[in-house]
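What follows is one structure encoded as structure tokens, with my remarks underneath.
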Amino acid sequence: MKYYDKLIFELSKPGRIGFSLPETLLADKQQLPPKKPATLGTVRGGTASEAQRWGPKDVFQGQAAAGSRIWREAPLDLPEVSEVDVVRHYTNLSQMNFGVDTGFYPLGSCTMKYNPKINEEIANLPGFTGLHPLQPNETVKGALEVYVGMDKALAAITGMKHFTFLPCAGAHGELTGLMLMREYHQSRGDTARTKVIVPDSAHGTNPASAAVCGLDIVVVKSKENGLVDVDALKGLLGPDIAGIMLTNPNTLGLFERDIKEIAQLVHDCGGLLYYDGANMNPLLGVVRPGDMGFDIMHLNLHKTFSTPHGGGGPGAGPVGVSDKVLPFLHIPRVSGFHGNFGIILRAYAYILMLGREHIKLAGKLATLGANYIKESLKDCYKLPIPTVCKHEFVFDGLLEDNGVTTLDVAKRLLDYGFHAPTIYFPLLFHQAIMIEPTETESLETLDAFIAVMRRIAEEAKADPEMLHGAPHDTPIGRPDETTAARQPVLKYE
Amino acid sequence: MGAFSYFPQTGEDIRVMLERIGVGSMDDLYADVPADFIYKGEYDLPSAMSEQQVRDFFESLAAKNTRLKVFVGQGAYDHYVPSVIPYITSRSEFLTAYTPYQCEISQGTLRYIFEWQSMICRLTGLDCANASMYDGPTAAAEAVRMCVASAKRRNSVLVSARLLPNVIDTIKTYAKYAGINVVVSDQIFEDVAEGVLDLAGVIVPSINRFGVIENHLGLADLVHQMGALLVEYCDPSALAVVKTPAEWGADIAVGDGQSLGIPLCFGGPYVGFMACRTALMRKLPGRIVGQTTDASGKRCYVLTLQAREQHIRREKATSNICSNESLMALWCTVYLSLMGPEGMRRLNALCYEGAHYLHDALLATGKFQRVFDADFLKEFVLKPLCPVEKLQKALLKAGYFAALQTEEGYVTFCVTEKHPREELDCIVEIVKSVK
């Protein structure tokens, strides 16, 4: 990767353009309509007789509309660049980026699997991209079939009854699901249920979504073995509990083997079970959340169903429900139209490629890869919970303490052409390194990663200083994050 | 079952891995799962398809949709998409990248987000912007939450009845569960002046759902006198020519970036934006990119002010948002780079002349009445004097999506730069033929 130092604003030169527009839409070059006496209709705020000093023509020709009633006064200071400038600039920027197509992401809880290319072509078919979201149903039959087909497929894969596709990301799905949970209790007149139980190992979005949904959070502790403490849970259950949010396997990659008892306890107390689908990948084709007793769940299509992460979205977070919650599925409008249709298309293409045959191997191969890495590195990295994991597992730093931190290890990996694992999460361990390989990585890739991790463990003994300064071979070194936060510069000036 | 192109493991690879782990089969890795939870049935899915079969399947679905000439806006605008954009956004380094937590290998993503934030500030006139929201309606809902979070012990928000219905509905949904009192009003000035007791915020459209460019002169002062914040909901494309949220004195601006060259795509993915005054910076939801330097003094970019976010603050975060719409923010950033100040002005001029031409021609048919005597840009409503269903059917039959009906019974039209005079004239002819 090569360092490139420009911002698009710095390429600007007055008079350059990168657009191509017709002079007029009106073939006979009719002039813009003349200045009209502006009245306000029924919109209050000025007087109807106020003189309109500036007409649209002036505005569109870039005249400053000082004193204008509705037109922009400040000049619009956007870059003035040619088409070539734009293409080169963004191509150069892209070359400072790492993606799944560049290399391996051992990124726990984020399921960075390969993003198939056919998905992109499907999502870009003009028969889909040209549809206005408010077009009459009879003109969007194919799009509606996509939703019907996806609903059926996701129901089959998860054991839930039906899905809503409005949520645009995982956290958005959590929020939507919790809204459904509240609707369910509300419909039964069960208004005292204002608390939701979240394990201490949960993703940060779980408590945050619960808070946005107006629920109070009760934390249930994990046991030494990393699993939910069922006895502690019993003490928390009561008539004020709306439900529990679980990810299973949890963020340590461990299957909550007491799930049957947990489901029984929560249901007996009148609560519902929410399944955080961020960790669905190891269960893909093996276990269905609906069968485990979950009432509501979301899926991250940009994790489990292979759609690209896009540097932080767009994703999609469809929410599925059991029979019990089905009557409330379509209650809240949580986004503008029909959710992220383009992402749903990609995920559907992936599911059709997998089919009922290959899906059975997806989760298992992901789990196989994770266990392989774990077993291959546990003699150099501290493995706090040595049992069989699912799609991911957590090391607690290097086995031998040379003052080399998890951050140092993560940054050094970048020098060797790997993305870093998720670090310092979950919060149960001080030096957490969370590794998830996914089923799309070959044995050779896993072996190369293992070799580099072992080499870093050796470097930690021989030259800890060098590791404190890593990465050394990336477009930039470690940034000054303190100054960034204390004296924020958030825009180009 | 044979091998599969997305799974690189050979039978021999699997054997080697199982041996290292010390188990006999992959099923053994699930020994901790209660046996009755292992799904033993056949998944009710179609049989695996080849890539060509998948392509054929989706092409046949796409063919079941009708490609229409779109003359409806209402939150999704049919602007032209410059060919450069999809080439840039489909570069795998952008498309397949993770969230830029590892800044040393994510400077591409971080830098375009910084550019996006800068451009959103320039469009709105406000001081800072975040890395993106899901869409306009959710950005509006988050802005409402931000007003309440900023105003201590005030819990009511005044929402203009002239916002798009999906914006109002999304605000209501978020507010309902957060316990925020929403008052939808068609007389914002009066209601603010009368003083809703615990008013935390007011949200109004810069251009309303009838296409009218609203006049908010004096509104910000009034809202601030009441100790509340003013939020403007804007079409960012139109901000090139209409008064900015900053010029109206607003504290927060939100809207949907879709009008900045994102394809209609049946409603998504789009991208929400949010900008605010510096005083509110630490109340912003979601990710923010800031500029700094690395150890050698090189200018670089990082995710910053993360103490607001869910992965650090959990239930005390300003929002639960994590993944947003980063790639769509890139889409808009490339669009604005190509268009520049001149392109954005020209684009709006084209929309304006087309919309006014159609507006006047439709009125001249005698089949409509004017509803608002007010300025509009590309979208407008008329009161139909002819049967609406017949009109819509006739338009559809000719391949036009136009004259969508509002809840009041008006019909809406929207003209963008994509539609030449022949199409406008064609609509007028169809209207004339409706009896």
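The values are calculated or read from the model by the stated rules, or taken from the named source; none is laboratory data. Please read these numbers as outputs of a predicted model, since none were measured by experiment. Quick reminder, even Gly has a Cβ in these numbers, built from the backbone with ideal geometry, and neighbours come from all protein chains shown.
To keep it simple, each residue is scored yes or no on (1) buried (at least 24 other Cβ atoms within 10 Å of the Cβ); (2) within 12 Å of chain B (Cβ to nearest Cβ); (3) in contact with a helix residue (DSSP H, G or I) (Cβ under 6 Å, 6 or more places away or on another chain); (4) free of Cβ contacts under 8 Å to residues at least 60 places away in the same chain.
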residue	(1), (2), (3), (4)
A:E357	no, yes, no, yes
A:L361	no, yes, no, no
A:C380	no, no, yes, no
A:H391	yes, yes, yes, no
A:V404	yes, no, yes, no
A:R412	yes, yes, yes, yes
A:F425	no, yes, no, no
A:L428	no, no, no, no
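State all residues of the stretch B:285-300 that are more than 8 Å from every other protein chain (Cβ to nearest Cβ) and buried (at least 24 other Cβ atoms within 10 Å of the Cβ); if no residue qualifies, say none. Break it down stepwise before answering.
Residues of the stretch B:285-300 more than 8 Å from every other protein chain (Cβ to nearest Cβ): B:285-286, B:297.
Result: B:P285, B:G286.
Of the residues B:Y112, B:Y101, which is assigned to a loop (DSSP other than H, G, I, E, B), within 9 Å of chain A (Cβ to nearest Cβ), over 16 Å from the mean Cα position of the chain (by Cα) and touching a residue at least 24 places away in the same chain (Cβ under 8 Å)? First the steps, then the outcome.
Numbers: B:Y112 fails: assigned to a loop (DSSP other than H, G, I, E, B).
From the options B:Y112, B:Y101, the qualifying one is B:Y101.
Among the residues of the stretch B:393-423, write down those that are of a type in the set (S, T, Y) and either in a loop (DSSP other than H, G, I, E, B) or within 10 Å of chain A (Cβ to nearest Cβ) (or both). Give the steps one after another, and end with the answer.
Step one: of the stretch B:393-423, the residues of a type in the set (S, T, Y) are B:400, B:406, B:410, B:412, B:416.
B:T406, B:Y410, B:T412, B:T416 - these are the residues of the stretch B:393-423 that are of a type in the set (S, T, Y) and either in a loop (DSSP other than H, G, I, E, B) or within 10 Å of chain A (Cβ to nearest Cβ) (or both).
Which residue pairs have Cβ atoms under 9 Å apart, sit 6 or more places apart or on different chains, and have a first residue in the stretch B:23-51 that is more than 7 Å from chain A (Cβ to nearest Cβ) and a second that is among the basic types (K, R)?
B:D27/A:K364; B:D36/A:K260
Which residues, counting only those in the stretch A:190-220, are at the interface with chain B (Cβ under 8 Å from one of its Cβ atoms) and part of a strand (DSSP E or B)?
Once the filter is applied, which keeps residues that are at the interface with chain B (Cβ under 8 Å from one of its Cβ atoms) and part of a strand (DSSP E or B), the stretch A:190-220 yields only A:I217.
On the basis of being under 19 Å from B:A76 (Cα atoms), surrounded by fewer than 23 Cβ atoms within 10 Å (Cβ to Cβ) and in the same structural domain as B:A139 (by TED's automatic domain parsing), does B:D169 make the cut?
Considered against the rule, which asks whether it is under 19 Å from B:A76 (Cα atoms), surrounded by fewer than 23 Cβ atoms within 10 Å (Cβ to Cβ) and in the same structural domain as B:A139 (by TED's automatic domain parsing), B:D169 comes out as yes.
I want to confirm something. Restricting to the stretch A:451-490 and keeping residues that are in a loop (DSSP other than H, G, I, E, B) and in contact (Cβ under 8 Å) with a residue 60 or more places away in the chain, which single residue is surrounded by the fewest Cβ atoms within 10 Å (Cβ to Cβ)?
If we filter the stretch A:451-490 for residues that are in a loop (DSSP other than H, G, I, E, B), which is where we start, we get A:463, A:469-478, A:480, A:487-490.
Then keep just the ones that are in contact (Cβ under 8 Å) with a residue 60 or more places away in the chain; that gives A:470-471, A:474-476, A:478.
On the way: A:A470: 24, A:P471: 22, A:T474: 22, A:P475: 22, A:I476: 25, A:R478: 19.
Among those that are in a loop (DSSP other than H, G, I, E, B) and in contact (Cβ under 8 Å) with a residue 60 or more places away in the chain, it is A:R478.
Go through the stretch A:291-303 and count every residue that is more than 14 Å from A:N340 (Cα to Cα) and either in contact with a Gly (Cβ under 7 Å, 6 or more places away or on another chain) or not assigned by TED's automatic domain parsing to the domain that holds A:N279 (or both).
The qualifying residues number 4.
Tally the residues that are closer than 18 Å to B:A76 by Cα and more than 11 Å from every other protein chain (Cβ to nearest Cβ), restricting the search to the stretch B:238-252. Show your work before the answer.
Looking only at the stretch B:238-252, we keep the residues that are closer than 18 Å to B:A76 by Cα, and these are B:238-240.
From what is left, the residues that are more than 11 Å from every other protein chain (Cβ to nearest Cβ) are none.
So the count comes out to 0.
Going through the stretch A:319-347 one residue at a time, which ones are facing another protein chain (nearest Cβ under 8 Å) and either more than 28 Å from B:Q53 (Cβ to Cβ) or not small (G, A, S) (or both)?
Looking only at the stretch A:319-347, we keep the residues that are facing another protein chain (nearest Cβ under 8 Å), and these are A:332-343, A:345.
Once the filter is applied, which keeps residues that are facing another protein chain (nearest Cβ under 8 Å) and either more than 28 Å from B:Q53 (Cβ to Cβ) or not small (G, A, S) (or both), the stretch A:319-347 yields A:P332, A:R333, A:V334, A:S335, A:G336, A:F337, A:H338, A:N340, A:F341, A:I343, A:L345.
What number of residues within the stretch B:65-98 are farther than 25 Å from B:K397 by Cβ, touching a strand residue (DSSP E or B) at 6+ places or on another chain (Cβ under 6 Å) and either of a type in the set (A, V, I, L, M) or more than 8 Å from chain A (Cβ to nearest Cβ) (or both)? Full working, then the answer.
Applying the first criterion (farther than 25 Å from B:K397 by Cβ) to the stretch B:65-98 yields B:75, B:79-98.
Those still in the list that are touching a strand residue (DSSP E or B) at 6+ places or on another chain (Cβ under 6 Å) too: B:93, B:97.
Adding the requirement that they be either of a type in the set (A, V, I, L, M) or more than 8 Å from chain A (Cβ to nearest Cβ) (or both) leaves B:97.
The total comes to 1.
Can you pull out every residue in the stretch A:74-92 that is in a loop (DSSP other than H, G, I, E, B) and more than 8 Å from every other protein chain (Cβ to nearest Cβ)? So that I can check it myself, show each step before the final result.
Step one: of the stretch A:74-92, the residues in a loop (DSSP other than H, G, I, E, B) are A:74-82.
If the condition is that a residue be in a loop (DSSP other than H, G, I, E, B) and more than 8 Å from every other protein chain (Cβ to nearest Cβ), then A:S82 is the only one that fits.
Does the stretch B:44-63 include one or more residues that are assigned to a loop (DSSP other than H, G, I, E, B) and aromatic (F, W, Y)? If you could, list the steps in order and put the result at the bottom.
Here is the first cut: in the stretch B:44-63, the ones assigned to a loop (DSSP other than H, G, I, E, B) are B:44-50.
If we keep only those that are aromatic (F, W, Y) as well, we get none.
No, because not a single residue in the stretch B:44-63 is assigned to a loop (DSSP other than H, G, I, E, B) and aromatic (F, W, Y).
List the pairs whose first member sits in the stretch B:64-76 and is surrounded by fewer than 22 Cβ atoms within 10 Å (Cβ to Cβ), whose second member is part of a loop (DSSP other than H, G, I, E, B) and at pLDDT 95 or above, and whose Cβ atoms are under 7 Å apart, counting only residues at least 6 apart or on separate chains?
B:R67/A:G130; B:K69/B:G399; B:Q74/A:L134; B:Q74/B:L164; B:Q74/B:R209
Only one of these conditions is not met by A:G243: (1) in contact (Cβ under 8 Å) with a residue 12 or more places away in the chain; (2) closer than 23 Å to A:V325 by Cα; (3) part of a helix (DSSP H, G or I). Which number is it?
Here A:G243 meets the rest and fails (3).
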